[in-house]
Amino acid sequence: MSAPNKPAPNQPDPTALAGKAAALPALDIARFREAMSRIATAVHVLTTDGVSGRCGATVSAACSLTDSPPALIVCVNRSSRIHAAVMENRVFCLNTLAGHQSGLSDTFAGRNGADMEPRFASAEWITGATGAPVLVGALMSADCSLLQTHDVGSHSIFIGALKDVRLGEAHDALIYKARAYHSL
Ligand SMILES: Cc1cc2nc3c(=O)[nH]c(=O)nc-3n(C[C@H](O)[C@H](O)[C@H](O)COP(=O)(O)O)c2cc1C
């Protein structure tokens, strides 16, 4: 179930946060973006399927939340199609890309203009326990039901409760740093 978007006592109102970010000088936002680009991150294809249909997008803002119970978080732009689809389908699968899969990352980021069907046609999939597409050849695929959402400015944090996990071959990981791909 989604959490109501009412701020808890003593917590900042997320909409107020959005207003403050917008009020920052442009230089500070540029410096923040530059600072974030210095952080090396793994790259994943986030997928979903259900009443709203099959959808996928590249994400790097994802990490483990807790192992008791197993749960992870993903930060997703509220204007993206994957956001609307996950909100409706209530499930998602986080597929972590291997070092040789930068082309798939670009495809699911919409960089070559591919719509959903061509995006999915560019790789092999199986259906996970939740119904979300699981990428064959991913380093790992974490199949989750949507536990909670929290809106902050332009993005939502999706909290997923793990329903199944699939481990692929232990290839090098695809890493994104300084707006470029690396293999580690
Ligand atoms: C390496 C990389 C990492 C990205 N990480 C995120 C992310 O964490 N969250 C997000 O909302 N979008 C992220 N994006 C952007 C989305 O992939 C892209 O905006 C989205 O797929 C395009 O929207 P569409 O699927 O509706 O066409 C990332 C893009 C790239 C190339």
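Brief remarks follow.
- Residue list for segment 116-132, filter: under 19 Å from LEU97 (Cβ atoms) and either part of a strand (DSSP E or B) or touching a helix residue (DSSP H, G or I) at 6+ places or on another chain (Cβ under 7 Å) (or both): ARG119, SER122, ALA123, TRP125, ILE126
- Filtering segment 133-156 to residues that are within 22 Å of LEU174 (Cα to Cα) and not in a strand (DSSP E or B) leaves VAL136, GLY137, ALA138, LEU139.
- Subset of segment 60-71 [within 16 Å of SER141 (Cβ to Cβ), touching a residue at least 24 places away in the same chain (Cβ under 8 Å) and away from the ligand (no atom under 13 Å from the Cβ)]: PRO70, ALA71
- Inside segment 51-79, residues that are under 14 Å from HIS155 (Cα atoms) and surrounded by fewer than 18 Cβ atoms within 10 Å (Cβ to Cβ) make up a count of 5.
- Residue within segment 79-101 that is in contact with a helix residue (DSSP H, G or I) (Cβ under 7 Å, 6 or more places away or on another chain), in contact (Cβ under 8 Å) with a residue 40 or more places away in the chain and within 7 Å of the ligand (Cβ to nearest atom) present: no
- Residues considered: ALA161, ALA170. Of these, the only one that is of a type in the set (A, V, I, L, M, F, W, C) and part of a loop (DSSP other than H, G, I, E, B) is ALA170.
- Qualifying residue in segment 94-106 (condition: of a type outside the set (Val, Ile, Thr) and touching a Gly at 6+ places or on another chain (Cβ under 6 Å)): no
- Of all the listed residues (LEU147, LEU104), the sole one being among the aliphatic types (A, V, I, L, M) and within 13 Å of the ligand (Cβ to nearest atom) is LEU104.
A short reminder: the numbers here are calculations on the coordinates, not readings from a lab. Keep in mind the model is a prediction, meaning the values are calculated, not measured. Cβ sites come from the backbone with ideal geometry, for glycine too, and all protein chains shown count toward neighbours.
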